[in-house]
Amino acid sequence: MLTVEQLESGYGESLVLRGVTLEVRPGQVVCLLGRNGTGKSTLVKSIMGVLKAKAGKISYDGSVLTRKPPGERARSGLGYVPQGREIFGQLTVRENILIGLEASRRRSGDEIPPAAIERFPVLPTMYERRGGDLSGGQQQQLAFARVLAAEPELLILDEPCEGIQPSIVDDIRDVIRSIKSDGRTAILLVEQSLEFVRSVGDYVYILEKGSVAWQGEMEQMNDEVVRRYLTV
Amino acid sequence: MEVVWLQLFNGISVSSILLLIALGLAVTFGQMNVINMAHGELIMVGAYATYLTQQLFQAYLPSSWFDQYFLLSILASFAAAFLIGLLLEKVLIRFLYGRPLDSLLATWGVGLALQQLARSIFGAPNVGVKSPSWLEGGLAVTDGLVFPYKRLFILGLVALCLLAMFLYIYRTAAGRRMRAVMQNRDMAACLGISTRRVDSMTFAIGSGLAGIAGCALTLIGPIGPSIGTYYIVDAFMVVVLGGVGKLIGTVVGALGIGMTNTLFEFWTTASLGKVLVFLCIVAFLQWKPKGFVALRTRSLD
């Protein structure tokens, strides 16, 4: 469903990704691993269209996205939870979720779909608060609710557990597990915790110096692979 | 005592017109980081749209209808400036997003071209617009203190525009999209918002407001091709003083500039008053470099 072929991308003149090829199939959880600075975030930003691809091809459900603006990619079914959450601080919690509805293909006016918030019972109690006033963990839950409002077919998560307290980390992981067990949404996950990756992932890509250094089924990722590509 | 009241009233009146002009500038600068020097010429577009509406009424409609032309001309001036703003955004401004200095030069050129166009069509001399008879005279508060109806009308018009802007920005889905883009353009785009459409809509609405300002100016004096240049500098100062990202900043900025302008000019002379206003702004910006409302917007970081 999502295919990336020979993608080259980067910031300004500098090239970070050098020919990345990757595939995510419907309902699959694909994990993207690699040490710091190997291009994981650059890759997901290029898939979303925040960064323009310099070469290569990104296609989704048969249509080519390489030159499309991010808004169109979101409307065709991609959902993105960026590193650092990127909540709209001046908008209320309700407004943040309603912005998430912009990408929805069946608009239901100004009503928040129950599916978006069923996993986050704390959010409806703070609808009128400003997003910027929430704690990091609450903001991460809001970022999930916001992206789930549009019912994406492919969820791109960039380090969803970074910088939040351990109890919320568990909540977020439960959310990711429940999205996986629903089976309707594929996930492309950038994550540091090997233990968590092992518990949810189906397939793994490991990046090194901007290209795919290793790929394979989750069971094939043995200690040798981990030592070679991931331990610092 | 009456003189002081009259000066205060004049100050508020000047502020209200500045506010109408600066609203459009503030949203385009806040959202797209574009400095639009042609904004003054959109005022001119609105003023000439009013003039044209009047000419059409005089030429084709019975004279008893003439007094109603002004209400229609408000809509006509908004529509004319809105459409020209939309065109300007589509063919030029959108290539200049995030490049304030380039946009400054390019829109300056557009402004000069628009002024020359107006000279070619309407002639270089100023033209007068006859105010409707129901705006003649004034409200006598005491014997020596009369508030002209025209100024009161402009105040009401500005209040109405401000209210409409407030409702648009804070109560509609389109306004919500606009605020999201203003705060975090990339993330707004990643959530499915077409930033192109939001940008051109925002620019066109800002232009339309300038058009209404032009319409209001026809009540105060004769209009000419360079009418916009008298106001554009003050309007920019309002934006700098008020900060970007929130309506209230622009309101405070407009009141600050309008009132200090009027009062300093009253207490000293026209040129010394202007110097004092500039000094106040410089001092204020030393204290609050980002203006009255310092909302951290990504586009300005």
Review point. Applying the selection to the range B:131-158, what residues are assigned to a loop (DSSP other than H, G, I, E, B) and loosely packed, with under 14 Cβ neighbours inside 10 Å?
Key: B:136, B:137, B:141, B:142, B:143, B:144
Review point. With respect to residue B:2, is the statement that it is more than 16 Å from the chain's Cα centre (by Cα), over 19 Å from residue B:156 (Cβ atoms) and charged (D, E, K, R) true?
Key: yes
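Specify which of the listed residues (B:180, B:174) is more than 28 Å from residue B:48 (Cβ to Cβ), crowded, with 17+ Cβ neighbours inside 10 Å and either in contact with a strand residue (DSSP E or B) (Cβ under 8 Å, 6 or more places away or on another chain) or within 14 Å of chain A (Cβ to nearest Cβ) (or both).
B:180
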Exercise for review: Count, please, the residues in the range A:54-91 that happen to be away from every other protein chain (no Cβ under 11 Å), buried (at least 17 other Cβ atoms within 10 Å of the Cβ) and assigned to a loop (DSSP other than H, G, I, E, B).
Suggested key: 1
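If I ask for residues that are out of contact with any Pro (no Cβ under 6 Å at 6 or more places or on another chain) and acidic (Asp, Glu), which ones from the range B:40-69 would you list?
B:41, the sole residue that qualifies.
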Check your understanding: Tally time: how many residues in the range A:186-202 are crowded, with 19+ Cβ neighbours inside 10 Å and touching a strand residue (DSSP E or B) at 6+ places or on another chain (Cβ under 7 Å)?
Key -> 8
Review point. Here is a list of conditions, (1) within 14 Å of another protein chain (Cβ to nearest Cβ); (2) in contact (Cβ under 8 Å) with a residue 12 or more places away in the chain; (3) in a helix (DSSP H, G or I), and residue B:189 meets all of them except one; can you say which number that is?
Key: (2)
Practice item. Would you check which residues across the range B:265-284 are in a helix (DSSP H, G or I) and closer than 16 Å to residue B:10 by Cβ and list them? Key: B:265, B:266, B:267, B:270, B:273, B:274, B:277
**Study point:** Flag if residue A:213 is among the aliphatic types (A, V, I, L, M), part of a loop (DSSP other than H, G, I, E, B) and at pLDDT below 95
**Key:** no
Practice item. Scan the range A:20-53 residue by residue and report those that are in contact with a helix residue (DSSP H, G or I) (Cβ under 6 Å, 6 or more places away or on another chain), small (Gly, Ala, Ser) and more than 14 Å from chain B (Cβ to nearest Cβ). Key: A:34, A:53
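The values are calculated or read from the model by the stated rules, or taken from the named source; none is laboratory data. Only a predicted model underlies this, so the values are computations on that prediction, with no experimental measurement involved. Cβ sites come from the backbone with ideal geometry, for glycine too, and all protein chains shown count toward neighbours.
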